[in-house]
Amino acid sequence: MPTPYPRPALHFGSDGYRGVIGDTYSWEHISRMTAGTAGYLRDSGAETGAPIPIGYDTRFLAPYFARAVYHALREEGFSPVISTTFCPSPYLSFTVKRMGAPMGIMITASHNPACFLGYKLKGPEGGSALPDVNKAVEDLANEAEPDYDPESAFAFTQEYDEFDLRDEYTEVMKGYAGSALTDGAFDLTIDFVRGATTHVYLRTLKSLGLEFAAIHTERDPLFAGGKPEPTPEQLEELTGWVGAGSETAFGAAFDGDGDRLGLIDESGQFVPPEDIYAICLLHLVEDRNLHGRVIKSVSFSTLIDRVALELDLQVIEVPVGFNHSTKELLQAGTLMAAEESGGFGFGFHLPERDALLALIIVLSAMTERKAQLHELRERIAERFGHPYFHREDIPLANMAQAEAVRQRVAIIRDNPELAGIQTARISELDGIKMIFPEGFLLLRFSGTEPLLRIYCEHKAKNQEKELIQRVREFLFQS
């Protein structure tokens, strides 16, 4: 008798599971994760009658996978509810908290390419499930042998218990915006990247009385061949809209599931996440008189440290993955948390990234300070200086190459002079981070994709790119 093909182990990355649709992401994978989720809920004492909200993004088959999860949870004796529309992740987190649910499930791959889909867990606190929860679900999923039937998810006659808290979410956002936001006259274009944000954020922004132009509001599971990620490479069209507008025109963009924000200022320049963080911090502390701890990922700029030092705020550095920031945001006295990739969370809201709220805070800062976006950036540079930051994501072709690169990373850790770094303090909080007087270099492997990420910050312009190039040549030498 032939030996059955072994099941590959499921591995949760920094924020849930992600895989390629039809390959490493199929009903077989999802059914095991759903069984693991149900097992965790039972083990943690969750009441079967409690609602479990399920959301989904605009990717290929995402609504059907969400419905299949719904039916599987019903088989397990739980009471799931599914979104009435495509659902940003922060909106699902809001729903979990507002409904008093023990957990939420988000079917999304966030900013990843269109061929990916994912399975994110949201905790009862209203944010990414904490690392120990993800690990517990992962372990149970790898032990599970479920036998759910996904066929009912494709039946058009099925009825579902649904949730729609868009009005409640809008009212909360109105409270954070205040009256000052409607006083501003903005020449703003917002890119909805053909993702889930169109179906919640667009409605909320209009309810705020904000005037703006909206682009890419249509659904496209292929994202026009690009990635739904607010990076300079993906925002060239938005930059064109800004350039074609008035002298005060600027742009904003979300990622595919609405937890990351990108900005293009009036000069057509991409606004790096550290500038957004600084703008928000200065506004919250100096204009709104709020204070508290500041959380940042290990890959984030030291600009945040300098701003926090002047504002007399404590800085806590955490590993990459917002579930680590979630844990800190749950602590009393935390003002704000953010990650280098453009996710911003606020302690007065939920322990979760929310790109819409981050945009509202930035617009409020522009209104309160009577300044354009580029002027706020110039003031920050004059007041705190500004280091130069660069990141490269390098694909790993196969396991052999990945292992060879890992070995060379260990060599650089022990011999930083090979990268041109004479003296360095080493941190292994997440990856290998070499901290030196002029900046830092961080090497870490992605938890969701076959990639090595290299981050570098340097006081001198172009030195960050040259340092990454030297390291890359050493790591990938033939």
Practice task
Kindly provide the set of residues from region 298-348 that are part of a helix (DSSP H, G or I) and under 19 Å from GLY123 (Cβ atoms), ordered by number.
Solution key: PHE322, ASN323, HIS324, SER325, THR326, LYS327, GLU328, LEU329
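Looking only at region 7-35, filter to residues that are assigned to a loop (DSSP other than H, G, I, E, B) and polar (S, T, N, Q); which one of those is farthest from GLY431 (Cα to Cα)? Walk me through it before giving the result.
Filtering region 7-35 for residues assigned to a loop (DSSP other than H, G, I, E, B) gives 7-12, 14-15, 22-24, 26.
If we keep only those that are polar (S, T, N, Q) too, we end up with 14, 24, 26.
Details: SER14: 13, THR24: 25, SER26: 30 Å.
The extreme case among them is SER26.
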Handout entry: Subset of region 388-440 that is among the hydroxyl-bearing types (Ser, Thr, Tyr) and either at positive phi or surrounded by fewer than 17 Cβ atoms within 10 Å (Cβ to Cβ) (or both) - its residue that is farthest from the chain's Cα centre (by Cα)
Key = THR423
Handout entry: Test: residue in region 73-83 that is without any contact (Cβ under 8 Å) to a residue 60 or more places away in the chain and part of a helix (DSSP H, G or I)
Key = yes
Exercise for the section: Taking GLY178 as the residue in question, decide whether it is in contact (Cβ under 8 Å) with a residue 24 or more places away in the chain, under 25 Å from TYR91 (Cα atoms) and small (Gly, Ala, Ser). Expected result: yes
Practice task
For region 379-386, indicate whether the set of residues that are among the charged types (D, E, K, R), closer than 30 Å to PHE192 by Cα, modelled with pLDDT of 95 or more and touching a Pro at 6+ places or on another chain (Cβ under 8 Å) is non-empty.
Solution key: no
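Condition test on LYS461, is it touching a Phe, Trp or Tyr at 6+ places or on another chain (Cβ under 6 Å), basic (Lys, Arg) and surrounded by fewer than 18 Cβ atoms within 10 Å (Cβ to Cβ)? Can you show your working first?
Working: touching a Phe, Trp or Tyr at 6+ places or on another chain (Cβ under 6 Å): yes; basic (Lys, Arg): yes; surrounded by fewer than 18 Cβ atoms within 10 Å (Cβ to Cβ): yes.
Judged against the criteria, LYS461 is a match.
In the list SER31, SER44, SER79, which residue meets the criterion of being over 27 Å from THR217 (Cβ atoms), surrounded by fewer than 22 Cβ atoms within 10 Å (Cβ to Cβ), touching a Phe, Trp or Tyr at 6+ places or on another chain (Cβ under 7 Å) and among the hydroxyl-bearing types (Ser, Thr, Tyr)? First the steps, then the outcome.
Working: SER44 fails: touching a Phe, Trp or Tyr at 6+ places or on another chain (Cβ under 7 Å); SER79 fails: touching a Phe, Trp or Tyr at 6+ places or on another chain (Cβ under 7 Å).
After applying the criteria, what remains is SER31.
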Fill in the blank from the handout: Counted residues in region 15-54 being within 19 Å of PHE154 (Cβ to Cβ) and out of contact with any strand residue (DSSP E or B) (no Cβ under 6 Å at 6 or more places or on another chain) come to 8
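Among the residues of region 129-144, is there at least one that is of a type outside the set (Gly, Ala, Ser) and over 25 Å from ASN112 (Cβ atoms)?
Taking region 129-144 as the starting set, the residues that turn out to be of a type outside the set (Gly, Ala, Ser) are 130-135, 137-140, 142-143.
With the extra rule that they be over 25 Å from ASN112 (Cβ atoms), the set shrinks to 143.
So far as region 129-144 goes, yes, one or more of its residues are of a type outside the set (Gly, Ala, Ser) and over 25 Å from ASN112 (Cβ atoms).
Has region 125-135 got any residue that is assigned to a strand (DSSP E or B) and surrounded by 23 or more Cβ atoms within 10 Å (Cβ to Cβ)?
The first filter runs over region 125-135 and keeps only residues assigned to a strand (DSSP E or B), leaving 128.
When the remaining residues are screened for being surrounded by 23 or more Cβ atoms within 10 Å (Cβ to Cβ), the result is 128.
Yes, the conditions are met somewhere in region 125-135.
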Handout entry: Residue that is outside any helix (DSSP H, G or I), touching a residue at least 24 places away in the same chain (Cβ under 8 Å) and among the polar types (S, T, N, Q), where the choices are THR157, THR189
Key = THR189
Handout entry: Options GLU159, GLU151, GLU171; residue that is more than 30 Å from GLU247 (Cα to Cα) and not assigned by TED's automatic domain parsing to the domain that holds ASN112
Key = GLU171
Practice task
Tell me, yes or no, whether region 462-469 has at least one residue that is more than 26 Å from ALA381 (Cβ to Cβ) and assigned to a loop (DSSP other than H, G, I, E, B).
Solution key: no
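Report yes if some residue within region 23-43 is under 18 Å from the mean Cα position of the chain (by Cα), among the aromatic types (Phe, Trp, Tyr) and more than 25 Å from GLY225 (Cα to Cα); otherwise report no.
no
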Exercise for the section: Please determine, by comparing only the residues of region 47-60 that are surrounded by 19 or more Cβ atoms within 10 Å (Cβ to Cβ) and not in a strand (DSSP E or B), which one is nearest to the chain's Cα centre (by Cα). Expected result: ASP57
Completion exercise
When region 196-212 is checked residue by residue, the ones that are modelled with pLDDT of 95 or more and among the small types (Gly, Ala, Ser) are ALA196
Practice task
Could you list, in sequence order, all residues of region 427-444 that are touching a strand residue (DSSP E or B) at 6+ places or on another chain (Cβ under 6 Å) and in a strand (DSSP E or B)?
Solution key: SER427, ILE432, LYS433, MET434, ILE435, GLY439, PHE440, LEU441, LEU442, LEU443, ARG444
Exercise for the section: Taking only region 25-54 into account, find how many residues are free of Cβ contacts under 8 Å to residues at least 60 places away in the same chain and touching a helix residue (DSSP H, G or I) at 6+ places or on another chain (Cβ under 8 Å). Expected result: 3
Handout entry: Criterion (at pLDDT 95 or above and over 24 Å from CYS115 (Cβ atoms)) met by exactly one of SER267, SER246
Key = SER267
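Condition check ((1) out of contact with any His (no Cβ under 9 Å at 6 or more places or on another chain); (2) under 12 Å from ALA355 (Cβ atoms); (3) free of Cβ contacts under 8 Å to residues at least 60 places away in the same chain) across all residues:
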position	(1), (2), (3)
ALA196	yes, yes, no
VAL200	yes, yes, no
ARG203	yes, no, yes
PHE212	yes, no, yes
ASP220	yes, no, no
ALA224	no, no, yes
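In region 339-352, which residue that is at pLDDT below 95 and either of a type outside the set (Ser, Thr, Tyr) or touching a Gly at 6+ places or on another chain (Cβ under 6 Å) (or both) is surrounded by the fewest Cβ atoms within 10 Å (Cβ to Cβ)?
Restricting attention to region 339-352, the residues satisfying the condition of being at pLDDT below 95 are 339-343.
Imposing the further condition that a residue be either of a type outside the set (Ser, Thr, Tyr) or touching a Gly at 6+ places or on another chain (Cβ under 6 Å) (or both) reduces the set to 339-340, 342-343.
On the way: GLU339: 27, GLU340: 22, GLY342: 26, GLY343: 27.
Top of the filtered list is GLU340.
The values are calculated or read from the model by the stated rules, or taken from the named source; none is laboratory data. Worth saying up front: this structure is predicted, and the values here are computed from it rather than measured. Here Cβ is always computed from backbone atoms with ideal geometry, including for glycine, and neighbour counts include all displayed protein chains.
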